[in-house]
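A.B. asks: One structure is given below, represented as structure tokens, and several questions about it will come after.
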2 protein chains.
Amino acid sequence: SRSIRAPRGSQLSCKSWVTEAAYRMIQNNLDAEVAENPKHLVVYGGIGRAARDWACYDQILASLKELNDDESLLIQSGKPVGVFKTHPDAPRVLIANSNLVPKWANWEHFNELDRKGLFMYGQMTAGSWIYIGSQGIIQGTYETFVEAGRQHFNGDWAGRWIVTAGLGGMGGAQPLAATLAGAVSLNIECQQSSIDFRLRTRYVDKQAKDLDEALAMVQHHCERKEAVSIALLGNAAEILPELARRAKAGGVKPDLVTDQTSAHDLVNGYLPIGWNVDQWKAAQQDESQHARLVADATKSCAVHVQAMLDFHAMGIPTVDYGNNIRQVAFDGGVKNAFDFPGFVPAYIRPLFCDGKGPFRWVALSGDPEDIYKTDAKIKELFPDNKPVHHWLDMARERIAFQGLPARICWLGLGERHIAGLAFNEMVKSGELKAPIVIGRDHLDTGSVASPNRETEAMKDGTDAVSDWPLLNALLNTAGGASWVSLHHGGGVGMGYSQHAGMVIVADGSDQAATRLGRVLVNDCASGVMRHADAGYESAIACAKHHGLKLPMIK
Amino acid sequence: SRSIRAPRGSQLSCKSWVTEAAYRMIQNNLDAEVAENPKHLVVYGGIGRAARDWACYDQILASLKELNDDESLLIQSGKPVGVFKTHPDAPRVLIANSNLVPKWANWEHFNELDRKGLFMYGQMTAGSWIYIGSQGIIQGTYETFVEAGRQHFNGDWAGRWIVTAGLGGMGGAQPLAATLAGAVSLNIECQQSSIDFRLRTRYVDKQAKDLDEALAMVQHHCERKEAVSIALLGNAAEILPELARRAKAGGVKPDLVTDQTSAHDLVNGYLPIGWNVDQWKAAQQDESQHARLVADATKSCAVHVQAMLDFHAMGIPTVDYGNNIRQVAFDGGVKNAFDFPGFVPAYIRPLFCDGKGPFRWVALSGDPEDIYKTDAKIKELFPDNKPVHHWLDMARERIAFQGLPARICWLGLGERHIAGLAFNEMVKSGELKAPIVIGRDHLDTGSVASPNRETEAMKDGTDAVSDWPLLNALLNTAGGASWVSLHHGGGVGMGYSQHAGMVIVADGSDQAATRLGRVLVNDCASGVMRHADAGYESAIACAKHHGLKLPMIK
Ligand SMILES: NC(=O)c1ccc[n+]([C@@H]2O[C@H](COP(=O)([O-])OP(=O)(O)OC[C@H]3O[C@@H](n4cnc5c(N)ncnc54)[C@H](O)[C@@H]3O)[C@@H](O)[C@H]2O)c1
Ligand SMILES: NC(=O)c1ccc[n+]([C@@H]2O[C@H](COP(=O)([O-])OP(=O)(O)OC[C@H]3O[C@@H](n4cnc5c(N)ncnc54)[C@H](O)[C@@H]3O)[C@@H](O)[C@H]2O)c1
């Protein structure tokens, strides 16, 4: 079994920094510190892969090494399928992962192709090589909890607690995000190995031995207003209903209920009631058991969502955290599964209307100092943005780097390109030891159509219109991003989403500056455009403020 | 009501010939000579529109007039939504039409959005402004009939006949294509106005007053080996079963059976048995009748396909001509609807493996002489390509131009860019009066995933994988096509296809030459790549012959 680690330092393996960036980032995605299951090329989110198989992975690296500055490499569901003549201002890599014609866009068909080696699930940043481990999601989770606190508790989480489940690739960010937001948290996870990983990387503080101890700890820390995170081993579909029963009977009540098990993937992502982890893992490998697994997981999700609905009925803020669990429960017979909202309309959309989203960057040097210098630069560039200052301080203190040192921080239209250009200057001047790679999650303002998550309950009802992410990808390709990707099914599973990725390299050159100035504006602006078109006043105001040219918005 | 006609001549309305080309081509798509229903912005294929509504149309023209050489205009389902900073080598227009997240990709949801003015059906070349009237499809139909003749009748159609239905935007090309291929044809159409239009433009030779007269005419012309085309007013779902009954009872038998009614759109495209045309048109406008219309049309399609199956069972070559009628019949209970093949695997795929497909171009001058000069140039460039010479001679003789003079001719990898570069030279030298616009149908080798049509029965079973058209669009954007589009649902309806369009302008400049040299190679090559990846030997050989860089093909 291989052990992958991206090269560090300023020595090139490829012919340019742009291709070198892709070369390092695909490897970084599979670094054991970063990936959930690097042996199987799985980066995160169930079976989200960086490449289709090892032969494809090897050839991607080989092709990137040889790629010229006027060529583009095409990746089709993790397989390098062609190298074509383009030009220096075009992306070096163009990626399409997991896309199926709608009528065939379901897990059965996906699995059939996947089994034959003809396909791959790219999730969001897994197949587009800009996953940076749990920090990538922690800022989003933090923003979500902070916004929830603002809406429900006057911005003050002190003495309050969150209950959730799932400590996987993305869900593992929840306990730390809760802590950073000032809340106590109870985190249910069915695999001890996942809990261990989060304890080791300091994302969760401690583990309770059972529910009673967990609740005692919650109470203890809430009383002392200590934002401590607690892990609890068990099945959320059993523990959450028990919690709801106790709450109804006058027991302690959480202040926010959510969930990040991988309910979007019922074969690989959700442990059903009555199964142990070993049986579950074995069944994942044994196709003949899949039907039963899916049926049992669906039933358990229904029970799980029923408990969430019970909390919702008690007046406790309850949100779906983008794992499609409401849809699964709905399909499993829970007719009012959508009574509680998704986290996006509840807490994220106002940010998207300003073009704000999960801006992130990685130091190709491998040197943490490069990131600390960019942290300082961000503070210098945006002296009045107190939330960002607070975030950067806490991130530096509490978040261990995984793989290449990276940082994430939600910036909006008018901010991202300023940051990108400044980083490019720092590379040019030698202040940083090597170029910086800039990207974002596919969950961003202009890059996703996902009616059960990012585009749930759009003001004009265009939740399912996926012209927008396609235009986003075309625009970023036209603008000269370094690599651009179009994915299907990320986060919420086959059939439920289409989304686009974008990565751009600040290599210190003037050409890079020109491209950064275009792409980092357009990428955000296309999100403001999308929300303005849907009729959000704040997006229209933002577009006007920034002088966007939106021909039909008068 | 407006009367639209693209400007002619060498005077610019826009700031460059690239934007001028888009400006003229959207208008040309809505020229009364070209469009099926210009009053409603409908170009062809049921409700395939060029723009969402008149306000959007006007603003598209206004935006194109102002567009700078370093800007790109974004079109979202026929609406101009944004103008962004890009660069001269990037496309000037980026288009995404009718795309829906798969789970919502059905006519019900489409109609709901369309009704609210939030969406548009772009078909293939309607919403991407490169429809050129029936000539656009005639070459494809001709290629199909010629290949069928090659496979079944030793290349000789003399004394043989084809029965089909539908004389609409695309189907109207059938009688003329049959004639050019040397066959007699019987063409059933339920609207007298459609027949009149085809008689007027010389696409169909004569009309029979009833079935008996039609069959007498067929027999008469078959005996004399005269390739005459005959129209018959009536409902195909009634006439075809009657024909099959007579054939079974020892009557005359056709030599090829196909159909081009708009069965892909059951509200607007297929007249059910028992309805007259007036009732049908009224019901299309009256939403409360849609459910009944769809139900009745489905039943009629089932009857219609059953007749086709009967012919198939008699050993008569029978093909679905890309209108989804087998799927409709299947959904309507005809379990063996897919017993007869689609025309693509039957006759087109071998051409696709060589990168051959519907290459087309338009003279922006409006002068037919410009097209005749390009016809001559093609003959000069490809002296040994006899089929193309034959086609060009017949096309000039028999095909009336509609709107701006245009030509289509199937060329492949290694040919298209030679043609494009030659045209660009002719513009540069002043031999042509104005620039030439070069494009193609979305039905092309590398640009479509449509499991019931273009990608039916792919060798490796990847019919539904739509990574390929998405990559095609990204690659053409990266290469610098003039406009690029991504559509969903063209031809076969919502849920059944994803496809990409590409148009590039030969304005005589050196920059255009550079872009043409890249884009016209890449666009074809991506189709050869797709077929090579699926394991077609001839595509692999073609890729090797042309030195394509396909990393995983050893
Ligand atoms: N960007 C977003 O919108 C966003 C953010 C975070 C997570 N999500 C979604 O949340 C889900 C989780 O993502 P991930 O990357 O952490 O997935 P993952 O598969 O890496 O982790 C899921 C975790 O849940 C645990 N689990 C499964 N069933 C359980 C059960 N019944 N009880 C308790 N624990 C159980 C698993 O052991 C695993 O550790 C995904 O569906 C993802 O798409 C979305
Ligand atoms: N490129 C391709 O693969 C390809 C090529 C040609 C056509 N097609 C498909 O063929 C269909 C026709 O295309 P079009 O552009 O001509 O559509 P259209 O809507 O312009 O024309 C359809 C015609 O069929 C007639 N018609 C409808 N129901 C009928 C019935 N029951 N009996 C007789 N006539 C009937 C209508 O009156 C109309 O004239 C579409 O589904 C299209 O997608 C595909």
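A.B. asks: Are there any pairs, at least 6 apart or on different chains, whose C-beta atoms fall under 7 Å, with the first in region B:81-96 and farther than 15 Å from residue B:51 by Cα and more than 7 Å from chain A (Cβ to nearest Cβ) and the second β-branched (Val, Ile, Thr) and buried (at least 24 other Cβ atoms within 10 Å of the Cβ), and if so, which?
C.D. replies: From region B:81-96, the pairs are B:92/B:18; B:92/B:19.
A.B. asks: From the list A:253, A:335, A:299, which one is surrounded by fewer than 21 Cβ atoms within 10 Å (Cβ to Cβ), within 12 Å of ligand 1 (Cβ to nearest atom) and among the basic types (Lys, Arg)?
C.D. replies: A:299
A.B. asks: May I pose another question? Exactly one condition in (1) buried (at least 22 other Cβ atoms within 10 Å of the Cβ); (2) within 14 Å of chain B (Cβ to nearest Cβ); (3) in contact (Cβ under 8 Å) with a residue 12 or more places away in the chain is false for residue A:44; which is it?
C.D. replies: Unmet condition: (2).
A.B. asks: Sticking with this structure for a sec: Which condition number in (1) part of a loop (DSSP other than H, G, I, E, B); (2) out of contact with any Ser or Thr (no Cβ under 7 Å at 6 or more places or on another chain) is the one that residue B:532 fails?
C.D. replies: That leaves (1) as the condition not met.
A.B. asks: Quick one: would you say residue A:201 is at pLDDT below 95 and either under 20 Å from residue A:251 (Cβ atoms) or among the polar types (S, T, N, Q) (or both)?
C.D. replies: yes
A.B. asks: Would you call residue A:483 more than 17 Å from residue B:74 (Cβ to Cβ), surrounded by 24 or more Cβ atoms within 10 Å (Cβ to Cβ) and away from ligand 1 (no atom under 13 Å from the Cβ)?
C.D. replies: So residue A:483 passes the test.
A.B. asks: Go through the residues of region B:67-77 one by one and say whether even a single one is more than 24 Å from residue B:133 (Cα to Cα), within 10 Å of chain A (Cβ to nearest Cβ), surrounded by 24 or more Cβ atoms within 10 Å (Cβ to Cβ) and β-branched (Val, Ile, Thr).
C.D. replies: Within region B:67-77, none of the residues are more than 24 Å from residue B:133 (Cα to Cα), within 10 Å of chain A (Cβ to nearest Cβ), surrounded by 24 or more Cβ atoms within 10 Å (Cβ to Cβ) and β-branched (Val, Ile, Thr).
A.B. asks: Within the set of pairs 6+ apart or on separate chains, which have a first residue in region B:61-80 that is outside the structural domain of residue B:511 (by TED's automatic domain parsing) and over 16 Å from residue A:532 (Cα atoms), a second that is modelled with pLDDT of 95 or more and surrounded by 15 or more Cβ atoms within 10 Å (Cβ to Cβ), and C-beta atoms under 7 Å apart?
C.D. replies: Partner pairs satisfying both residue conditions: none exist.
A.B. asks: What do you reckon, is residue B:177 within 27 Å of residue B:275 (Cβ to Cβ) and without any contact (Cβ under 8 Å) to a residue 60 or more places away in the chain?
C.D. replies: Criteria not met by residue B:177.
A.B. asks: When the residues of region A:180-193 are filtered to those that are in contact (Cβ under 8 Å) with a residue 40 or more places away in the chain and not hydrophobic (A, V, I, L, M, F, W, C), which remaining residue is farthest from ligand 2 (Cβ to nearest atom)?
C.D. replies: So the residue we want is A:182.
A.B. asks: If you don't mind, there's one more thing I want to ask. Of all residues in region A:351-365, how many are at pLDDT 95 or above and within 21 Å of residue A:394 (Cα to Cα)?
C.D. replies: Within region A:351-365, residues that are at pLDDT 95 or above and within 21 Å of residue A:394 (Cα to Cα) number 5.
A.B. asks: In region A:227-324, which helices (runs of 4 or more DSSP H) lie fully inside it and hold 2 or more residues that are modelled with pLDDT of 95 or more and closer than 20 Å to residue A:162 by Cα?
C.D. replies: A:236-248, A:290-313
A.B. asks: Hey, does region B:156-163 have a residue that's at pLDDT below 95, out of contact with any Phe, Trp or Tyr (no Cβ under 8 Å at 6 or more places or on another chain) and not assigned by TED's automatic domain parsing to the domain that holds residue B:393?
C.D. replies: Among the residues of region B:156-163, at least one is at pLDDT below 95, out of contact with any Phe, Trp or Tyr (no Cβ under 8 Å at 6 or more places or on another chain) and not assigned by TED's automatic domain parsing to the domain that holds residue B:393, which makes the answer yes.
A.B. asks: Suppose we filter B:262, B:229 for residues that are buried (at least 20 other Cβ atoms within 10 Å of the Cβ), away from ligand 1 (no atom under 16 Å from the Cβ), more than 29 Å from residue B:283 (Cα to Cα) and more than 14 Å from chain A (Cβ to nearest Cβ); which single one remains?
C.D. replies: Residue meeting the stated conditions: B:229.
A.B. asks: Let me ask you something else. Among (1) out of contact with any helix residue (DSSP H, G or I) (no Cβ under 7 Å at 6 or more places or on another chain); (2) crowded, with 24+ Cβ neighbours inside 10 Å; (3) modelled with pLDDT of 95 or more; (4) small (Gly, Ala, Ser), there is one condition residue B:90 misses while meeting the rest; what is its number?
C.D. replies: (1)
A.B. asks: Can you pull out every residue in region B:349-395 that is free of Cβ contacts under 8 Å to residues at least 24 places away in the same chain and in a helix (DSSP H, G or I)?
C.D. replies: Once the filter is applied, which keeps residues that are free of Cβ contacts under 8 Å to residues at least 24 places away in the same chain and in a helix (DSSP H, G or I), region B:349-395 yields B:376, B:379, B:380, B:386, B:388, B:389, B:390, B:392, B:393.
A.B. asks: Given the conditions (1) in contact (Cβ under 8 Å) with a residue 12 or more places away in the chain; (2) part of a helix (DSSP H, G or I); (3) within 28 Å of the chain's Cα centre (by Cα), report the number of the one that residue B:196 does not fulfil.
C.D. replies: Unmet condition: (1).
A.B. asks: Determine, yes or no, whether residue B:435 is buried (at least 24 other Cβ atoms within 10 Å of the Cβ) and of a type outside the set (Asp, Glu).
C.D. replies: Taking the combined requirement at face value, the residue satisfies it.
A.B. asks: Report, by residue number, each residue of region B:209-226 that is away from ligand 2 (no atom under 16 Å from the Cβ) and not in a loop (DSSP other than H, G, I, E, B).
C.D. replies: If the condition is that a residue be away from ligand 2 (no atom under 16 Å from the Cβ) and not in a loop (DSSP other than H, G, I, E, B), then B:212, B:213, B:215, B:216, B:217, B:218, B:219, B:220, B:221, B:222, B:223 are the ones that fit.
A.B. asks: Here is a further query. In this structure, is residue B:102 within 12 Å of another protein chain (Cβ to nearest Cβ), under 28 Å from residue B:406 (Cβ atoms) and buried (at least 24 other Cβ atoms within 10 Å of the Cβ)?
C.D. replies: No, not satisfied.
A.B. asks: Okay, next question. Could you tell me whether residue B:339 is charged (D, E, K, R) and touching a Cys at 6+ places or on another chain (Cβ under 7 Å)?
C.D. replies: no
A.B. asks: Look through region A:369-390, keep the residues that are in contact with a Lys or Arg (Cβ under 8 Å, 6 or more places away or on another chain) and among the charged types (D, E, K, R), and return whichever of them is surrounded by the fewest Cβ atoms within 10 Å (Cβ to Cβ).
C.D. replies: Looking at the filtered set, the residue picked out is A:369.
A.B. asks: Which one of the conditions (1) among the basic types (Lys, Arg); (2) closer than 27 Å to residue A:476 by Cα; (3) out of contact with any Leu (no Cβ under 9 Å at 6 or more places or on another chain) does residue B:39 fail to meet, given that it meets all the rest?
C.D. replies: (2)
A.B. asks: Being more than 14 Å from chain B (Cβ to nearest Cβ), within 16 Å of ligand 1 (Cβ to nearest atom), of a type in the set (Asp, Glu) and under 14 Å from residue A:257 (Cα atoms) is the requirement here; does residue A:320 meet it?
C.D. replies: The answer is yes for residue A:320.
A.B. asks: Condition first: hydroxyl-bearing (Ser, Thr, Tyr) and facing chain B (nearest Cβ under 10 Å). Now tell me which residues in region A:507-554 satisfy that.
C.D. replies: Passing the criteria: A:514, A:526.
The values are calculated or read from the model by the stated rules, or taken from the named source; none is laboratory data. This structure is a prediction, so every number in the text was calculated from the model and none was measured. Reconstructed Cβ throughout: ideal geometry from the backbone, glycine too, with neighbour counts over all protein chains shown.
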